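The values are calculated or read from the model by the stated rules, or taken from the named source; none is laboratory data. Model, not experiment: these values are computed from the prediction. Ideal geometry is used to build each Cβ from the backbone, glycine not excepted, and the neighbour counts take in all protein chains shown.
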Amino acid sequence: MPEYKPAPRTVVEACFDPRGTASLDYVYDVAAAAGLADQPVRLAVRRLEAAGVLRQEGRGRKGRLHLTDAGRLRTDADARFIALAHAQDAGLAPWDGLWRLYAFSVPEQRRAERDALRTALTRLGGVPLAPGTYVSPHDLLRELTDETSQSTVDSYLITAEATRLAGPGFSDPATTAERLWPAADTLAAYGPLADALDHAGRGAPADGPTGAAHGSTGLVATALRLADAFGHALEQDPLLPPELRPSPWPPARLRHVFQERWTAIREQAPDLSLFRAFDPPAAERG
């Protein structure tokens, strides 16, 4: 099996501290610990800067990266996804039984706003029922406003709530969920996480040289692999309420195992600043 290497973007995003800054010296050290050369990391930084996620101050290892407002919004949204997953797995986020409908018709000259709405709804787990109409069991209005703009939402978005949703091949909540969000697609998204957890469970090396990453190379690589796989799974998971999925639900078990592994990593390297968003909620840490 080829040696795992995280995506350079994963490494860059891993290194931001709670203030939204990251030393390039630290970024390159973490990348090296994960087996990545400097060049792909530099390219990832340039792409993220071009996308408006971050800005770079200074050059070389003495430079620093700063999250932009757009980058912070994306990071905050990701943190909310993780918090929702934790709450669902703990039985603290019951479904209120409402389907949320989101409809919009945006003029062609406002194509960018139309595309932004589509992209945001898809990223947030909404699925199309018909052209320009999406559905979700979650209230997505706050996130849609963050990821598009208040003016776009106010000008073009129509929202509604329904207690019953039916169509060709579906009528009750369970069949509706399976028709619109097939379980097989979500289960497949957790395949890399299952593999990463299996690798970590076999005892990834915890020794080796240390450096700015404040942890061994083996520990850093294991942390990155787990976080990369967990992030991939959450990007593909609409996080439907547990009431709409079969029980037991394998992704919930995998998230629980991930949380155990992640806690163990943080205990071995408490100064490792990678992916603090993946830490268990404070109440669960005790």
Those residues of the stretch 156-174 which are surrounded by 13 or more Cβ atoms within 10 Å (Cβ to Cβ) and free of Cβ contacts under 8 Å to residues at least 24 places away in the same chain amount to Phe170, Ser171
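Out of the residues in the stretch 9-53 that are in contact with a Phe, Trp or Tyr (Cβ under 8 Å, 6 or more places away or on another chain) and not in a loop (DSSP other than H, G, I, E, B), which is surrounded by the fewest Cβ atoms within 10 Å (Cβ to Cβ)? Even if it seems obvious, please write down each step before you answer.
In the first step, residues of the stretch 9-53 are kept if they are in contact with a Phe, Trp or Tyr (Cβ under 8 Å, 6 or more places away or on another chain); the result is 14-15, 22, 38, 41.
Now narrow it down to the ones that are not in a loop (DSSP other than H, G, I, E, B): 14, 22, 38, 41.
Working: Ala14: 28, Ala22: 24, Asp38: 15, Val41: 21.
Residue satisfying both the conditions and the ranking: Asp38.
For Asp76, indicate whether it is part of a helix (DSSP H, G or I) and surrounded by fewer than 16 Cβ atoms within 10 Å (Cβ to Cβ).
Working: part of a helix (DSSP H, G or I): yes; surrounded by fewer than 16 Cβ atoms within 10 Å (Cβ to Cβ): yes.
It is true that Asp76 is part of a helix (DSSP H, G or I) and surrounded by fewer than 16 Cβ atoms within 10 Å (Cβ to Cβ).
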Does the stretch 104-132 hold any residues that are surrounded by fewer than 16 Cβ atoms within 10 Å (Cβ to Cβ) and outside any helix (DSSP H, G or I), and which are they? Ser105, Pro107, Val127, Pro128, Ala130, Pro131
Candidate set: the stretch 126-140, residues that are at pLDDT below 95 and either under 21 Å from Ala174 (Cβ atoms) or of a type outside the set (A, V, I, L, M, F, W, C) (or both); chosen: the one farthest from the chain's Cα centre (by Cα): Pro131
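Given the stretch 133-190, what helices (runs of 4 or more DSSP H) lie entirely inside it while holding 1 or more residues that are outside the structural domain of Ala103 (by TED's automatic domain parsing) and within 30 Å of Gly71 (Cβ to Cβ)? I'd like the intermediate steps shown before the answer.
Working: elements: 141-147, 150-156, 173-180, 183-189.
Once the helices (runs of 4 or more DSSP H) in the stretch 133-190 are filtered for at least 1 residues that are outside the structural domain of Ala103 (by TED's automatic domain parsing) and within 30 Å of Gly71 (Cβ to Cβ), what remains is 183-189.
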